Amino acid sequence: MSVLPYLLEKEFKQFMRNAILPRIALMVPLMVMLVAPLVTTMDVKEVRVAVVDHDRTMASRRLTDRVAASPYFTLVARPTAYGGALRLVEDDRADIVLTIPTGYGRDLGAGHAAPRVQITANAVNAAKAQIGANYLSQLTTAQAAPADGGRLAVQYRYNPTLDYRAYMIPALMTLLVLILCGVLPALNIVSEKEIGTIEQINVTPISRLTFTMGKLIPFWVIGLVAVGLGVAVGGLVYGVWPAGSLWLILLASLLFTSVASGFGLVVSNYSTTLRQALFVIYFFVMIFILMGGLFTPIASMPRWAQTVTYGLPTRYYGEAMRALYLKGSSFADLLPQFGALALMAVGLGAWAVVSYRKTE
């Protein structure tokens with residue numbers, strides 16, 4: 001193992017001399033953390049609403065004014081007929097039609113249960129339609145509630161402002177570490193195979209373990225630097241700082257970078273061309289992203305898919321990062337996630353060592 005420092009020096013020099021890799025390692029964290037939180041959001045704002053008021057009373061006008069004043073809605077029109085409002089939806093000039101029936105104000109003043117209104121939503125974008133309709137339903141229910149009636153106090157733990165970026169930033173950090181530490185090691189080694197420079201290492205008496213560690217450690221460093229950049233950008237630009245320990249974030253990230261880079265080395269050991277490596281890497285990366293619970297809740301997946309996620313490292317790293325960012329979890333709280341990542345790191349590292357061959 002005494003040759004390892006020299007091998008690491010060679011790897012870092014080779015990395016820095018590359019015209020593309022250093023720029024990728026720097027730009028990927030910055031671009032992902034600067035741009036992605038703005039676009040990967042499920043927050044629904046500026047839902048365009050057309051109000052058809054058949055009642056034309058003080059109560060119906062008050063409801064219309066509440067819709068117009070809401071930060072979630074934009075009142076685009078007040079057609080006199082329902083057919084005219086539907087044409088606005090068909091022309092993509094309105095997302096929801098709120099129809100206030102005749103007698104709305106009378107029923108409201110008589111103390112009846114919440115007077116009925118009709119909400120018609122454009123469900124081409126099903127998520128936007130459902131969330132927008134729910135917002136509007138809550139607003140109409142609040143309008144019908146008596147002023148002196150009991151109020152339900154709702155408290156949101158861990159994310160009081162319901163800021164979706166606080167939920168997405170840990171997922172985006174998982175994504176960038178997976179790209180940097182999973183894809184780059186595979187491409188780096190396979191490119192050496194194609195141009196023949198790896199043969200210079202293969203003819204030396206360096207052991208497979210030393211060679212593998214020499215390839216893994218640089219990407220561990222790159223992954224940790226990327227996480228540091230991600231934490232800094234998330235905090236300085238979006239005001240989202242982790243509630244938990246930075247040391248635990250580094251520990252979780254070190255385990256995950258070990259898993260990702262080990263996986264990349266395994267793929268490179270079985271690939272002879274960049275095309276082969278790219279196809280295999282992106283096949284698994286898509287599975288890791290789509291089924292790892294980063295953007296869709298695992299609980300909403302089919303039972304078989306939930307079972308598959310137990311073998312995905314992105315599940316455990318994403319859970320650990322969200323727990324550290326939002327809940328401030330302790331090491332004891334995250335033992336299952338750390339244990340799973342450690343087992344995967346050891347398993348993939350051993351596989352990378354065993355599968356490496358100096359001769360074809």
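The values are calculated or read from the model by the stated rules, or taken from the named source; none is laboratory data. All values reported here derive from a predicted model rather than from experimental measurement. Because the Cβ atoms are built from the backbone with ideal geometry, glycine has one as well, and the counts that use them run over all protein chains shown.
Conditions tested, residue by residue: (1) free of Cβ contacts under 8 Å to residues at least 60 places away in the same chain; (2) assigned to a helix (DSSP H, G or I).
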residue: V267; (1), (2): no, yes
residue: Q276; (1), (2): no, yes
residue: L294; (1), (2): no, no
residue: W304; (1), (2): yes, yes
residue: V308; (1), (2): yes, yes
residue: R315; (1), (2): yes, yes
residue: A320; (1), (2): no, yes
residue: Y325; (1), (2): no, yes
residue: F331; (1), (2): no, no
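Among the residues that make up segment 323-331, is at least one of them among the hydrophobic types (A, V, I, L, M, F, W, C), in contact with a Phe, Trp or Tyr (Cβ under 8 Å, 6 or more places away or on another chain), assigned by TED's automatic domain parsing to the domain that holds L176 and crowded, with 16+ Cβ neighbours inside 10 Å?
Taking segment 323-331 and keeping what is among the hydrophobic types (A, V, I, L, M, F, W, C), we get 323-324, 326, 331.
Now restrict to residues that are in contact with a Phe, Trp or Tyr (Cβ under 8 Å, 6 or more places away or on another chain): 326, 331.
Now restrict to residues that are assigned by TED's automatic domain parsing to the domain that holds L176: 326, 331.
Filter again for crowded, with 16+ Cβ neighbours inside 10 Å, leaving 326.
Yes, there is a match, as at least one residue in segment 323-331 is among the hydrophobic types (A, V, I, L, M, F, W, C), in contact with a Phe, Trp or Tyr (Cβ under 8 Å, 6 or more places away or on another chain), assigned by TED's automatic domain parsing to the domain that holds L176 and crowded, with 16+ Cβ neighbours inside 10 Å.
Please indicate, with yes or no, whether at least one residue in segment 10-26 is in contact with a strand residue (DSSP E or B) (Cβ under 9 Å, 6 or more places away or on another chain) and of a type in the set (F, W, Y). Full working, then the answer.
So in segment 10-26, the residues in contact with a strand residue (DSSP E or B) (Cβ under 9 Å, 6 or more places away or on another chain) come out as none.
Among the residues of segment 10-26, not one is in contact with a strand residue (DSSP E or B) (Cβ under 9 Å, 6 or more places away or on another chain) and of a type in the set (F, W, Y), which makes the answer no.
Across segment 15-44, which residue is surrounded by the fewest Cβ atoms within 10 Å (Cβ to Cβ) among those that are touching a Leu at 6+ places or on another chain (Cβ under 8 Å) and of a type in the set (G, A, S)?
Selected residue: A36.
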